[in-house]
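One structure is given here, and the rest of the page talks about it.
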Amino acid sequence: MFIYTVKPGDNLTLLSRRFGIPVNRIAADNALRSPNLLAVGQNLIIMSDSMRYQVSEGQTLFSISQEFEVPLETLLEANPNVNPIALMPGEIIIIPQENRAPRRPAIVNGFAYPNITEFALNCTLPFLTFLSPFSYSLTPLGELIAPSADDLIYRSSRSAVMPLMVVTNIYDGTFSTEVLSQVLAEPDSRERLIGSILFELDDKKYYGALLDMEYISPDDREIYNDFLRELSERLHLRGYILVTAVAPKYRADQQGILYESHDYPVQGKYADYVIIMTYEWGYTYSTL
């Protein structure tokens, strides 16, 4: 298996001939609703153990082996009719994919709104480890307002996908710095929040909790770390996991309310998994 990026002029018939895979298999593997409409730059999964590659000016068999991380001996075996000393631009060579170094299995989380379409959910569930209905919101007293997620929990469990309880500091429709500060500052509110999380985990049969706390006040960095430690200990005692979602930092002392209170080492210590929300660097409707 490898990832192919669609180029100008590509279509599924051409790709089928190039990789020796039926058109309907490529369409099914990539959940293409309109197989005839490919976008330049679109990434496709190609379920094959080799790919055809056109040699560019100045390339050698050795440089190609380095680029694709395939041993030179393997390339030579796969291309017995190629003269490695006189490789020509435009020449087609076969690049095996089966001898790549072993990789760790991917762990994939998918956030989903309760109103997700049936089609989108059915296409996505087979590829997920976790499904995270979005989201429980927070009140100033540490109480939780639940989403209508019963169907998503049921559907994920039927598909052997583990549902996660997403908890955010959304209040009145937006992430609230003030509400989270108020909850963290009051021991009773913190305890109410942890108790509510544990109750919902037991009642709804979630696999664990996913905290997506955003716009945390820099002044709350240490108390939020303490909260994560306590929540982690309480969840682990009951057999649940803790996942955190964090803003993408490129240095530890990065300034900004999105970043300063996300202490990467501490979250790595107490959370079982950490999701880095790289879509903040660029997404469909962003200017980046």
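Summary of values
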quantity	calculated
Farthest toward positive dipole pole in segment 141-288 [+1 Lys/Arg, -1 Asp/Glu at C-beta], among Val166, Thr177, His262	Val166
Given charges at beta-carbon only (K, R positive; D, E negative), |dipole| of segment 165-288 in Debye	460
For Leu228, net neighbour charge (Lys/Arg +1, Asp/Glu -1) across residues whose Cβ lies under 10 Å away	-2
Label-point gap, in nm, between Ile85 and Ala28 - each point 7 angstrom along Cα→Cβ	4.8
Inter-label distance for Val108 and Ala185, nm, one decimal - labels placed 7 Å from Cα along Cα-to-Cβ	4.4
Rounded accessible area of Lys269 (nearest 10 Å², 1.4 Å probe)	150
Net charge of Cβ neighbours under 12 Å - reference Leu201; Lys, Arg +1; Asp, Glu -1	+1
Charge dipole (debye, nearest 20) of the chain; +1 at Cβ of Lys and Arg, -1 at Cβ of Asp and Glu	1140
Listed values (i) 151; (ii) 196; (iii) 178, entry calculated as volume of the Cα convex hull per residue in Å³	(iii)
Whole-angstrom gap from segment 218-254 to segment 116-172, using each part's C-alpha centre	20
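The values are calculated or read from the model by the stated rules, or taken from the named source; none is laboratory data. These numbers were taken from a predicted model, which means no experiment stands behind them. Positions of Cβ are backbone-derived with ideal geometry, glycine not excepted, and every protein chain shown enters the neighbour counts. With ligands, DNA and RNA removed, areas are computed over all heavy atoms of the protein, side chains included. Shrake-Rupley method; radii C 1.70, N 1.55, O 1.52, S 1.80 Å.
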